[in-house]
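Below is one structure, written out as structure tokens; the observations come after it.
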Amino acid sequence: METIFQEFSGYHGTLVKPYYWLYPNHHCVRCPYHIRTGEDSRVTYGEFYEAFGFPYGPTTPENRQLLFYEVKSLDGAVIQKGQASNCAHSDLHVESMLFQRNGYLDSFIYQHNPVGYLTLYTNLTPCNEYGHFCISKIYDLLLKYPDMRLDIYFSQLYHVAEEFPASYWNKEALRSLAGHWPRVTLNPLSNGIWKTVLYSFVKEVPESTLYQPILPVRASADRYNAHMIHLITGVKPYFVDVPPVFQPQEKERVPEYQREKINPTSLPQPQTGFSPYYPMFASHIPSIPVPKSYRPIEANSKPKNVVRHLNMPGNISGDMNFRDIVANARKTNEVIITEEVVKKTDTEANRSRRHKRDIYSAKKSKR
């Protein structure tokens with residue numbers, strides 16, 4: 001295998017120079033070591049907020065890509081954790097460097113093969129734009145190691161809106177990548193998964209952040225990401241943990257002249273201060289084994305037809321009890337009332353009776 005990278009041992013991990021021609025420069029603070037492993041892969045809480053938009057909501061860092069990864073064995077044990085960043089000076093995307101053929105990650109997996117899982121936590125979804133072809137390089141690695149599973153967690157979507165010329169190709173590439181479910185999953189970062197990333201890759205985390213609920217702005221963005229990735233790929237995110245939506249109570253409308261302009265600097269900023277890391281959050285992401293005889297998703301996703309049979313009465317034309325069929329039916333009796341109108345008045349009735357009585361008396365006297 002041809003080596004196109006250089007490794008340097010750091011104090012708490014390994015610093016990797018992904019390309020031999022990269023050099024330190026004042027345009028990119030991370031050059032030339034864009035891949036870091038071990039404890040050197042941790043970032044500060046403020047840096048994590050600027051890239052991932054946690055916990056105060058999206059920050060749309062168009063020119064800032066930050067990715068954390070974990071390589072795990074078949075039993076789910078972590079073999080290596082690391083960090084990769086883009087190079088704005090050389091216009092290199094993070095996936096393009098990390099998934100380079102015969103690059104560092106390729107070489108590491110080759111040496112530790114078989115590898116069971118590769119998990120990515122990235123602030124922006126991978127693209128497939130001309131000159132980068134990030135998703136195509138991810139494909140190459142998946143084809144080279146067919147027993148490895150890939151799970152991608154992201155905090156923001158990258159260039160999928162119609163206003164971007166390459167949005168069509170990015171969405172098509174994401175749809176194709178998601179079509180390899182269950183071997184490949186695309187999921188928004190959400191709720192407990194955020195705390196897993198904080199525990200593994202962030203330092204100086206405030207203790208309150210590890211225990212307080214996700215802020216509404218961040219939770220709303222996570223729900224939007226889950227909806228959009230489902231809309232783009234047609235596959236629902238498998239690992240998503242968004243808190244429920246609570247309907248806010250109606251408040252009295254404040255007149256416009258009393259409304260204060262919101263100053264962005266007045267929003268709470270990331271706090272500093274060292275805090276220990278708690279391993280309890282690592283259980284939020286389950287590990288699902290991938291069978292060696294992997295079959296495409298089309299073979300396992302056929303819907304099942306469920307047929308329910310109803311017991312109908314045997315003789316429908318004969319007499320049957322309607323209450324036995326309809327549970328809530330009520331038995332009713334039909335009563336027909338016939339009304340006869342009498343037109344004769346009381347005086348005419350009395351005259352008729354007297355006339356009949358007189359006829360009867362005359363017949364009786366003749367006898």
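First check a/c for region 1-77, with a ≥ b ≥ c the square roots of the eigenvalues of its C-alpha gyration tensor; if it is under 1.5, answer rounded, and if not, answer prolate when a/b is larger than b/c or oblate otherwise. Here region 1-77 falls in the oblate category. Computed on region 51-193, the Cα convex hull volume stands at 116 Å³ per residue. Note on region 184-234: Rg/Rh from Cα positions, Kirkwood definition for Rh, rounded to two decimals, is 1.04.
Averaging the sequence gap over all C-alpha pairs within less than 8 Å and six or more residues apart, then dividing by the number of residues, gives region 72-149 a relative contact order of 34 percent. When the surface is traced with a 1.4 Å probe over the full set of protein chains, PHE99 keeps roughly 10 Å² accessible. Which pairs in the list LYS203/LYS236; LYS17/LYS236; LYS81/LYS137; LYS171/LYS203 are over 30 Å apart, alpha-carbon to alpha-carbon? Pairs exceeding 30 Å: LYS203/LYS236; LYS17/LYS236; LYS171/LYS203. For region 118-155 and region 44-77, what is the separation of their Cα centres, given in Å? About 15 Å separates the Cα centre of region 118-155 from the one of region 44-77.
The values are calculated or read from the model by the stated rules, or taken from the named source; none is laboratory data. These numbers were taken from a predicted model, which means no experiment stands behind them. The protein model used for the area step is the full one, side chains on, heavy atoms only, and it has no ligands, DNA or RNA in it. Shrake-Rupley method; radii C 1.70, N 1.55, O 1.52, S 1.80 Å.
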